[in-house]
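Working notes, structure below.
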2 protein chains.
Amino acid sequence: MTARTDQTRTGPARTIISVDAMGGDQGPAAVVAGIAHSAQKNREIGFIVHGPGDELKRLVAKRKGLESRCEVRHAPDVVTMDDKPSSVVRHGRETSMWSALESVRNGEATVCVSCGNTGALMLMSVLRLRKLPGIYRPAIAVMWPSQNPQEHNIMLDGGADIRADAKDLMQYALMGASYARNGFGLERPRIGLLNVGTEEHKGRAELREAYDLIAANARTADFEFVGFVEGRDLPGTVCDVIVTDGFTGNVALKTGEGTAKLVGDLLREAFAYSPLSRLASVLAYTSLRRMKKRVDPRRANGGVFLGLNGTVVKSHGSADATGVSSAIKLAFELAQSHFTERLAARVASAALLDQGDSAENTPDEEAQ
Amino acid sequence: MTARTDQTRTGPARTIISVDAMGGDQGPAAVVAGIAHSAQKNREIGFIVHGPGDELKRLVAKRKGLESRCEVRHAPDVVTMDDKPSSVVRHGRETSMWSALESVRNGEATVCVSCGNTGALMLMSVLRLRKLPGIYRPAIAVMWPSQNPQEHNIMLDGGADIRADAKDLMQYALMGASYARNGFGLERPRIGLLNVGTEEHKGRAELREAYDLIAANARTADFEFVGFVEGRDLPGTVCDVIVTDGFTGNVALKTGEGTAKLVGDLLREAFAYSPLSRLASVLAYTSLRRMKKRVDPRRANGGVFLGLNGTVVKSHGSADATGVSSAIKLAFELAQSHFTERLAARVASAALLDQGDSAENTPDEEAQ
């Protein structure tokens, strides 16, 4: 699959992004508002948007200049947050999510963006786009605010699969390095393996095995392996990419979100405490907003599914227009850098290093 | 073991706390300063302090009125943060940590407080104090700032053991409930089981099994089981006690600490940005300090080892005098409430419910 550009329908050469308009908490109006924002900022993007045709056409028509950039694809059904992934893939052919992935599958679009049910999106992506040759478990890479120069670290797996063995973790390192290179422009990303202690004698057996596998691939795959890291290094500066299984990664992600929210709530309470503190908060407004912008999840809004034939960006379920627009921006950047093809080449070259085990890594549709 | 009080050596009836003065990052001076602070605040505590005799006697003599409250017990060796736990238990008989635990073992003191190497302290505690009958894996319960009325939630296991099966998790629920009752005065604590999603079909098999076991014990053990919770509920209000394995718990703990530190650092940067923001920070000083106090790890400074014949409070390795004093306060409160005996009674009554499996739960010294 290559970054498809379309010169006939949408005017100048454009990168086409497929957007699932449904399934987010804020409904299709917020998604179309995000599309309109991105369309204004970047003339090089064209859109295919999926959902109930009449409603979407009305929403698109309201935005000046959007109709010529945005094709509406009718899909009557919606995947809700409560739907079971296994049931969705059996009965979900009429959903906007299925339709949005279909545009990537048939080469009309380069990247798919959805705010919908993560489990359903992952399972459907695996079934429709299929895994890259050599990949057993695809992963969700999430962004984490940090003090590194790029302002975000990457963590994977954020929750695609609750299991991961040593070889999966090694592939997460390869995929995470490739993402950091193409998404953040880091030439030689630093990779850390999440554990409970930095001493080598600590931790689970599969982590010690993964340690050796990742170390063995560092030179060929052009990343630096910093060894074991701890939870405190997720927002830290010792590495750019943190590798872990999807259970631990998901707990860490939600814990980080919860902690940031608690600190924000306490800060608000502290500033509401007295007339003097309310005055202080007025003066501190700009400073507080500057800080908030750095940790605003809407601005780092996009879990990226790695290990598939095609790129899928999962936006936060509660994303508003700003959040959707951030996810589209990320999708565009990944499309421009030919990320899918580069990642596939990396995985293939690592598989060559490791031919003895390749039989056990044939694509498998039972990942969920 | 009962809360021992000593009426001869230290004057009026006192609860004796055994303190390991060594192994913390800030050295014995910070520990003695913390002891002095607690001694001043609370006349009912007496101390046995363990470490190099001459140095400790000098430090104690400097503090007015402390000599009569504080017995120094000479121990020449120190467990460092880099020592391997298995090596410490073989060769550590002359260490202050060993000596501090010995005072609880022989009934001189009710609770032991140490800032030292967590892994070594846990393994030594298991070997010297031994596990409660019926407990297979002891756990470290840590406090987590939250918006609940008690201002903190309890999470266990914070890292005593990287494994936990369904039955261990059920015992963590029992022990956590008992701790919440005696340490926080919550009559009927709400227990949550940490998972990646709140739907029952998600997560690992042992978690679904643990779910049923915990639910079955809720009525007898007098707690409310709220079911599965997510990482964001650690600082949240849906439950008071969060149960998880020590690997996940330790990652979550460090992630929370790292995130809180990042937000603090970004806040400092935001307020240092311009002359106006520096002025705002002066006015906001009291509000910011009020907020900081709520999330200050020194004020919730004490991981408590649960499941042993005796209570051990593990203070943060970098604890200063304030941190040590907080840990001593917690130790005192647990001693006053006869926590060890009550916890033992709870575990014993749960074991009665479940006699079929009791054979596999004999105490085992190989926990680490």
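Figures for the structure shown
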{"read-out": "Residue among A:Lys84, A:Lys64, A:Lys41 that alone is surrounded by fewer than 18 Cβ atoms within 10 Å (Cβ to Cβ) and under 22 Å from A:Leu101 (Cβ atoms)", "value": "A:Lys84"}
{"read-out": "Residue count for region A:144-164, restricted to those that are touching a Phe, Trp or Tyr at 6+ places or on another chain (Cβ under 9 Å) and in a strand (DSSP E or B)", "value": "5"}
{"read-out": "Which listed residue, of A:Lys314, A:Lys293, is buried (at least 24 other Cβ atoms within 10 Å of the Cβ) and of a type in the set (Lys, Arg)", "value": "A:Lys314"}
{"read-out": "Residue match in region A:169-182 (condition: free of Cβ contacts under 8 Å to residues at least 60 places away in the same chain and among the polar types (S, T, N, Q))", "value": "no"}
{"read-out": "Hey, B:Leu174 in the same structural domain as B:Gly249 (by TED's automatic domain parsing), among the aliphatic types (A, V, I, L, M) and in contact with a Ser or Thr (Cβ under 6 Å, 6 or more places away or on another chain) or not", "value": "no"}
{"read-out": "Check on A:Met155, more than 14 Å from every other protein chain (Cβ to nearest Cβ) and crowded, with 24+ Cβ neighbours inside 10 Å", "value": "no"}
{"read-out": "Single match in A:Gly119, A:Gly46, A:Gly53 (criterion: loosely packed, with under 15 Cβ neighbours inside 10 Å and out of contact with any Phe, Trp or Tyr (no Cβ under 8 Å at 6 or more places or on another chain))", "value": "A:Gly53"}
{"read-out": "Among (1) within 25 Å of A:Val347 (Cα to Cα); (2) touching a strand residue (DSSP E or B) at 6+ places or on another chain (Cβ under 7 Å); (3) crowded, with 24+ Cβ neighbours inside 10 Å, the one test that A:Ser114 misses", "value": "(1)"}
{"read-out": "Hey, B:Val89 modelled with pLDDT of 90 or more and among the β-branched types (Val, Ile, Thr) or not", "value": "no"}
{"read-out": "Elements of type helices (runs of 4 or more DSSP H) contained in region A:165-284, each with 1 or more residues being surrounded by fewer than 20 Cβ atoms within 10 Å (Cβ to Cβ), among the acidic types (Asp, Glu) and away from every other protein chain (no Cβ under 14 Å)", "value": "A:205-217"}
{"read-out": "Test: residue in region B:292-315 that is in a helix (DSSP H, G or I), more than 14 Å from every other protein chain (Cβ to nearest Cβ), modelled with pLDDT under 85 and under 13 Å from the mean Cα position of the chain (by Cα)", "value": "yes"}
{"read-out": "The lone exception for B:Leu127 - which of (1) more than 30 Å from B:Pro235 (Cα to Cα); (2) free of Cβ contacts under 8 Å to residues at least 24 places away in the same chain it fails", "value": "(2)"}
{"read-out": "Close pairs (9 angstrom Cβ cut-off, 6 or more residues apart or separate chains): under 20 Å from B:Gly119 (Cα atoms) in region A:203-215, at pLDDT below 95 and of a type in the set (S, T, N, Q) anywhere", "value": "A:Gly203/A:Asn195; A:Arg204/A:Asn195; A:Leu207/A:Asn195"}
{"read-out": "Options A:Ala100, A:Ala109; residue that is surrounded by 15 or more Cβ atoms within 10 Å (Cβ to Cβ) and either in contact with a His (Cβ under 6 Å, 6 or more places away or on another chain) or not assigned by TED's automatic domain parsing to the domain that holds A:Val19 (or both)", "value": "A:Ala100"}
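The values are calculated or read from the model by the stated rules, or taken from the named source; none is laboratory data. In this text, all values refer to a predicted model and were calculated from it rather than measured experimentally. Please note: Cβ atoms are built from the backbone with ideal geometry, for glycine as well, and neighbour counts cover all protein chains shown.
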